[in-house]
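All remarks here apply to the structure that follows.
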Amino acid sequence: MVAVDHSSESEKISTRASVERLEKLLRRDVTWVPTSSGYLDTMAGETVPPPGRAQAAWQSSLGAAMYQRAQRVMASLQRFGSVADQLQLRPGQTVVDVGCGPGNVTTGLADAVGPHGLAVGVDLSAPMLTRAAQQARPNMGLLRGNATNLPLRDHCADATCATLVIMLVPEPVDALREMIRIVAPGGRLLVMVPALSVGSGNAVTGPITDRFVRFAGARPFTPDGLSLLLDRLGCDHIHSHQQCNMLTVRARTASARDSKSSSSGKSSSSGKSSSSEQGSK
């Protein structure tokens, strides 16, 4: 572990989860710097040009505040609060929220895994992480990092999620691959993205989604596009559900047994399934 000498700066660290707990999850080659805002910066000195207007806005304090309010409204409409339930989290587990933003989802994950568990939020935006730290739970840690090169070690988490993030990443496959890498064999993933609706609803919501995609520089997903990507990356038990223009896909990483069988050239029954449900509740 490469880290700065933080013995004299421990008072400045306001991130709720102990630094020691977070250190155990980080890759050996990662250097981190504590911040007074409440997160650990694993990209100190690095600047990543925002690939779109939305990302540029969210890297400002005003943009982060506006996003936090908007996400709360969307959460009430799209049932973001069910993320922890859909991941089937249990007390004591470790879960990673990729692109955590202001931490609205991360706090729910922390509540689900309990005091002996750990919820880790990762985001590229310092203003977003600052807002997330303001509502952090005692078992919640925050890291500044890149979704396509997560600072976390292999198989360090039981589950991971990304809500309204993957469509903004320039290389979504790289972000999905990183999510799979950090989850233990047989662990769970959940990804939520806007998607083009089909059927009669598309006449109304389609143009709105198209305008958002163009403004934000986002990549639109078809109803089955995300499931196909996860299948190609080796996930199984893939289930998708679309409500209006919001697509939620759940999957599991290959189990240790399946990975061993695959590497030895043997065919295995991985239980791969892809079910697509559409409609609104």
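Throughout, read-outs are computed from the coordinates displayed, never taken from laboratory work. Only a predicted model underlies this, so the values are computations on that prediction, with no experimental measurement involved. Please note: Cβ atoms are built from the backbone with ideal geometry, for glycine as well, and neighbour counts cover all protein chains shown.
If you take every residue apart from Arg153 with its C-beta less than 12 Å away from the C-beta of Arg153, what net charge results, scoring Lys and Arg +1 and Asp and Glu -1?
Working: positive: Lys24, Arg27, Arg28, Arg181; negative: Glu23, Asp29, Asp154, Glu178.
Net local charge, Arg153 excluded: 0.
Tally Lys and Arg at +1 and Asp and Glu at -1 over the other residues with C-beta under 12 Å from the C-beta of Gln88: what net charge comes out?
Result for the local shell: +2.
Using 7 Å Cα-to-Cβ label points, what is the Arg27/His116 separation (nm, one decimal)?
It is 3.1 nm.
When each pair of different Cα atoms in the range 76-196 is counted once in the 1/r mean, what is the Kirkwood radius in angstroms, to one decimal?
This gives a value of 14.0 Å.
Grab the Cα-Cα distance for Val19 and Gln88, subtract it from 0.36 nm times how many residues apart they are, and report the gain in nm with one decimal.
22.2 nm
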